[in-house]
Amino acid sequence: MDGHSSTHTILGSAEPLTAEQRAERLRQLAAWGVDLSLSSAQLGKSPSALLQEWLAFRPFVEAAQREGRIRPHRPR
Amino acid sequence: MLNPLHLFRLLAREEVEFVLVGGVAMIVQGVTHDTNDIDLYYRRTVANMERLVRAILTLNPRLRVEGLTDDEARLLPWHLDVQALGSMETLTPMTDAGALDLVASLSGIEDYDAIRDDIVDVELDGITMSVLTLRAIIANKRAAARDKNIAALPRIEATLRLREAIAERESSQQSGASDYGDTETHSA
């Protein structure tokens, strides 16, 4: 979590970058906590496979939401 | 129960002009993400709204009301038509294919015609879908600036940058292959 506190800019922009700048940005994103290996693995799948994978996962989330195990965050 | 493919087939059959945006647009482009609804950005002409309404009506649309179950919401006296759709910038019905966000405007995007260069064609189970690019999704989420939008930005950018790196590598490999091919031709 140290990466969060040491980074004051919002990571998540889309401006054109050189290859070197892109590599540096990916290092920053990884330090922030993004799992690049997971992101890379997703890119090896077809859009249909990605959609089906997500749809297969949804019933578990929906059941948890129905049972109140996942709720919108309410600040205490 | 979400059934986006059924919805997309209905929209394709009615020739609705729309772009898939939001969470599902991120997922089909490889971003690790979850969402409760399907977001559609549609062209706001009367003819297109008629086509959109015709497609959605086959999915028993009803209101999503906080504090009411879906069964209770089905009993409310509400009917989807062009007037109901046109009266709001964003309409959020529940349907038999899942919860929808039907949006007529997007933060950070001037209008429907302005996104022509920010669309990619994505094939989903034989249906070719217009999907908002990750670049435009980032612009949209930065402009909307809700907490959940900001939280998703690093994952979206990571996928965008990895895609760019792959495209660059493939492009340089292709040019390398073509140089090699030329050499072969010359030496033959």
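Just so you know, all these numbers are worked out from the coordinates, no wet-lab data involved. Please read all numbers here as calculations on a predicted model, not as lab measurements. Note that we place each Cβ from the backbone using ideal geometry, even for glycine, and neighbour counts take in every protein chain shown.
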>> Residue by residue through segment B:6-16, what is 3J(HN,Hα) from phi via Karplus (6.51 cos²θ - 1.76 cosθ + 1.60, θ = phi - 60°)? Round to whole Hz and write x for glycine and proline.
In response: 4, 4, 5, 5, 4, 5, 5, 4, 8, 6, 6
> What average number of partner chain Cβ atoms lie no more than 10 Å from the Cβ of the residues making up B:124-135?
Replying inline: 2
> In nanometres, what is the gap between the two model label sites at B:ASP96 and A:GLU24, each 7 Å from Cα along Cα-to-Cβ?
Replying inline: 5.6 nm
> When you look at the Cβ of every residue in A:51-57, what mean number of other chain Cβ atoms sits within 10 Å?
Replying inline: 5
> So what's the back-of-envelope 222 nm ellipticity for chain B, counting only DSSP H runs of four-plus at -39500 (n - 2.57) apiece and dividing by all residues, rounded to 500?
Replying inline: -15500 deg cm²/dmol
>> Looking at the calculated P(r) for the protein assembly as shown, what percent of the C-alpha pair distances fall above 32 Å?
In response: 31 percent
> Hey, got a sec? Which chymotrypsin sites (Phe, Trp or Tyr not before Pro) in segment B:1-91 land in a DSSP loop and have at most 14 other Cβ atoms within 10 Å?
Replying inline: B:TRP78
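Could you tell me which trypsin sites (Lys or Arg not before Pro) in segment A:32-74 are loop residues by DSSP with no more than 12 other beta carbons within 10 angstrom of their beta carbon?
Numbers: sites: A:LYS45, A:ARG66, A:ARG69; in loops: A:LYS45, A:ARG69.
Those that pass, being in a loop and sparsely packed, are A:ARG69.
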> Restricting attention to the alpha-carbon atoms of segment B:41-188, what are Rg (one decimal) and Dmax (integer), both in Å?
Replying inline: 21.9, 79
> Which one of B:LEU124, B:LEU11, B:LEU75 has the biggest mean-square fluctuation once chain B is modelled by GNM with Cα springs under 10 Å?
Replying inline: B:LEU75
> Which FRET efficiency, nearest 0.05, do A:GLU15 and A:GLN52 yield, Cβ-Cβ r, R0 30 Å?
Replying inline: 0.35
> Which percentage, to the nearest 5, of the DSSP beta bridges contained in the protein assembly as shown is antiparallel?
Replying inline: 75 percent
> Out of B:THR159, B:THR95, B:THR35, any idea which swings most in a Gaussian network model of chain B, alpha carbons joined below 10 Å?
Replying inline: B:THR35
> Comparing B:GLU14, B:GLU168, B:GLU50, which has the greatest mean-square fluctuation in the GNM of chain B with Cα pairs linked when under 10 Å apart?
Replying inline: B:GLU168
